[in-house]
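The structure under discussion appears below in the form of structure tokens.
The values are calculated or read from the model by the stated rules, or taken from the named source; none is laboratory data. Every value quoted in this text rests on a predicted model; they were computed, and no experiment measured them. With ideal geometry, Cβ positions are generated from the backbone for all residues, glycine too; neighbour counts draw on all protein chains shown. Only protein heavy atoms, including side chains, enter the accessible area calculation; ligands, DNA and RNA are left aside. Shrake-Rupley method; radii C 1.70, N 1.55, O 1.52, S 1.80 Å.
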Amino acid sequence: MTDLLKAEFYKLMHSRSFWGMTLFSLILGSILLLDSKPLVFGLFHASLYNTPLLYFLAIVFAALFVGEDFSEQTLPCYISAGHKRSTVLFAKTIVYLASCVFLLVLPLLVHGLAGVIRNGETRFITDILAEGAVILSAVLAMCMLPLFCAFVFRDIGRTLAVPMAIYFLMIFAMNSDHSKAFAAVLPMGQLRLLALQEPAVPKTAFFCVDALWIILLYTGAYVSFRRCDLK
């Protein structure tokens, strides 16, 4: 397990695509602030409101980081080396989720600190302490969908196309007449509710919904990976 984690983190740290997408996430998140819905809660919540729009970066990275491993036979090599499939899946999940959190949360932290420095928005500190755990759970749940698709389809094309189609459907649902009902059960919708400071349900319910998403998607990925033929 330790060797696998070291290998995957080494691969992540030396991935040009990861650092390029991280920079793009920060730049795009900053540009979106210029045209975001006016919020009275400061730059942090304005950035949080736009975070669902950056979700496509996590989808693209899943295709590059996991889907490509199947195409290049990297994961089958791990299995041939004697690692259990459950261990390979767990290591890949940990590293991928860590990269997703970095991609999506970095703009929030940078914009929050910018608000403190520029506008004296000292509320950022209390906001991140109060809402940080909920934001983290929602981001992890969001990122599990591309990971699930990567282990189900085991290629780059469908790993990219299917989650992207679902992403646009979720955006459509969040802008429908029943947006608040959809937002409460969709992790990316929860971020919007937190940004607007109008959660439809208690924050503890968000944790339960996110945990359910994570457990179901991880279980689905494990079942698919365990039964697949890697030859």
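General remarks:
- Between the listed residues 88, 134, 62, the Cα displaced farthest toward the positive end of the dipole of region 58-166, a dipole computed from Cβ unit charges relative to the Cα centre, is found at 88.
- Fraction of accessible area attributable to carbon and sulfur, the chain (%, probe 1.4 Å): 69
- Put a plus charge on the Cβ of each Lys and Arg, a minus charge on the Cβ of each Asp and Glu, and nothing anywhere else: the dipole of region 1-159 about its Cα centre is then about 160 debye.
- Per residue accessible area of the chain, 1.4 Å probe, in Å²: 49
- Of 112, 29, 220, the residue with the greatest mean-square motion in the GNM of the chain, using alpha carbon springs below 10 Å, is 220.
- Positive dipole terminus of the chain, leading residue within 222, 162, 114 (C-beta point charges): 222
- Modelled spin-label separation between residue 3 and residue 158, with each label point placed 7 Å from Cα along the Cα-to-Cβ direction: 3.2 nm.
- Gaussian network model of the chain, springs between alpha carbon atoms under 10 Å - residue of 206, 90, 61 with greatest fluctuation: 90
- Prolate/oblate/rounded label for region 82-187 (Cα gyration tensor, a/c 1.5): oblate
- Pairwise FRET efficiency - residue 176 versus residue 101, Cβ, R0 = 30 Å, nearest 0.05: 0.60
- Seen from all directions on average, region 129-228 presents a Cα convex hull projection of 6.6 nm².
- Computed over the chain, Cα set: Rg, Dmax in Å: 18.0, 58
- Whether region 49-95 is rounded, prolate or oblate, judged on the alpha carbon gyration tensor where a/c under 1.5 counts as rounded: oblate
- Annotated for the chain: lysine pairs at least 8 residues apart or interchain, Cα distance under 27 Å, count 12.
- For the chain, adding -39500 (n - 2.57) for each run of n ≥ 4 DSSP H residues and dividing by the number of residues yields -26000 deg cm²/dmol at 222 nm.
- Shape call, region 158-213: gyration tensor on alpha carbons, a/c limit 1.5: oblate
- Degrees between helix 2-13 axis and first principal axis of the chain (Cα, 0 to 90, nearest 10): 60
- Counting 0.36 nm for each residue step from residue 118 to residue 203 and taking away their Cα separation leaves a gain of 27.6 nm.
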